[in-house]
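Have a look at the structure below, then the notes.
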Amino acid sequence: MKKKVNAIVYWVLLAGLILRCNKSDSPVTPAAWNYESPDKWGSIGYGDCTGKVQSPVNIDTTTTIKTELLALGLHYRNSSWGIIDNGHNIQINVKQTNSLVLEGTAFKVMQFHFHRMSEHKLEGNSYDMEMHIVHQDTISSDLLVVALWIKQGVENPFIKKIWGKLPPVKNSEVLSGDSIRISDVFPASQKYFTYTGSLTTPPCTQGLDWIIFKQPIEVSPDQITQFAQFYPNNERPVQPLNFREVLESK
């Protein structure tokens, strides 16, 4: 009789353990996201999007800390590339190793892409577009993003080459058949703002370094229109700066 009772207790405890393991208190499975409801990203499986270290932000130069910032070690070279419309932006994948060295750490270029309007604001104002070059430390997996503000002006030959390969369908990479050097699009001045933030799209990974060139680059009105035909508004609203500081090159 005692053995029978022990067996019953065993199976009751085991059933309880199974039920606890199957309870739906696990994280929400990430769902498809869009720019129509960025305030809901955190509730559809991207918890970091509700964090305190989010991007983009508004840069107020009356509160930035002016200092001598480190020079950027740019190791960009001519590279073959592919272009893809991933459903959220136009993304370019370079096929050779390109890197940026900062404080002795080499960050490899993973991809670059574009937003309209600019995601980061300056004194509360938007630029026409913004380009993000996403880098990663291949050892620690830490991320670093270089951002270029883009304003309406003269035709940009670098952008002309990119736009010449705009893909006809989504989620299918088109190989360019030629090469580009990312630094060819950089402004003459490499003075920059920097702060700690996040990716501006889900999963909104936090704790990465942002480098935003102070001098914008130019593209023509037609080049802005070409991109807007794909994505007229793929910008995340600015996020609270909270306790963070923005450093600015003197």
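Report whether or not residue 66 is part of a strand (DSSP E or B), over 27 Å from residue 229 (Cβ atoms) and either over 21 Å from the mean Cα position of the chain (by Cα) or of a type in the set (Asp, Glu) (or both). Answer is yes for this residue. State whether the residues of the range 42-59 include one that is modelled with pLDDT of 95 or more, assigned to a strand (DSSP E or B) and over 24 Å from residue 227 (Cα atoms). The answer is yes; a qualifying residue exists. Screening the range 122-152 for residues that are free of Cβ contacts under 8 Å to residues at least 60 places away in the same chain and farther than 25 Å from residue 232 by Cα and picking the one that is surrounded by the most Cβ atoms within 10 Å (Cβ to Cβ) gives 135.
The condition (being touching a helix residue (DSSP H, G or I) at 6+ places or on another chain (Cβ under 6 Å) and among the β-branched types (Val, Ile, Thr)) is satisfied by just one residue among 174, 169, 185: 185.
When residue 232 is tested against (1) farther than 16 Å from residue 90 by Cβ; (2) exposed (fewer than 15 other Cβ atoms within 10 Å of the Cβ); (3) not polar (S, T, N, Q), exactly one condition is not met: (1). The set of residues from the range 94-116 being touching a residue at least 60 places away in the same chain (Cβ under 8 Å) and either closer than 17 Å to residue 230 by Cβ or acidic (Asp, Glu) (or both) comprises 112, 114, 115, 116. Of the residues that sit in the range 219-243 and are aliphatic (A, V, I, L, M) and touching a Lys or Arg at 6+ places or on another chain (Cβ under 9 Å), which one is nearest to residue 157 (Cα to Cα)? My answer is 219.
The values are calculated or read from the model by the stated rules, or taken from the named source; none is laboratory data. If you're wondering where the values come from, they're calculated on a predicted model, not measured in any experiment. Glycine gets a Cβ as well: all are built from the backbone with ideal geometry, and neighbour counts include every protein chain shown.
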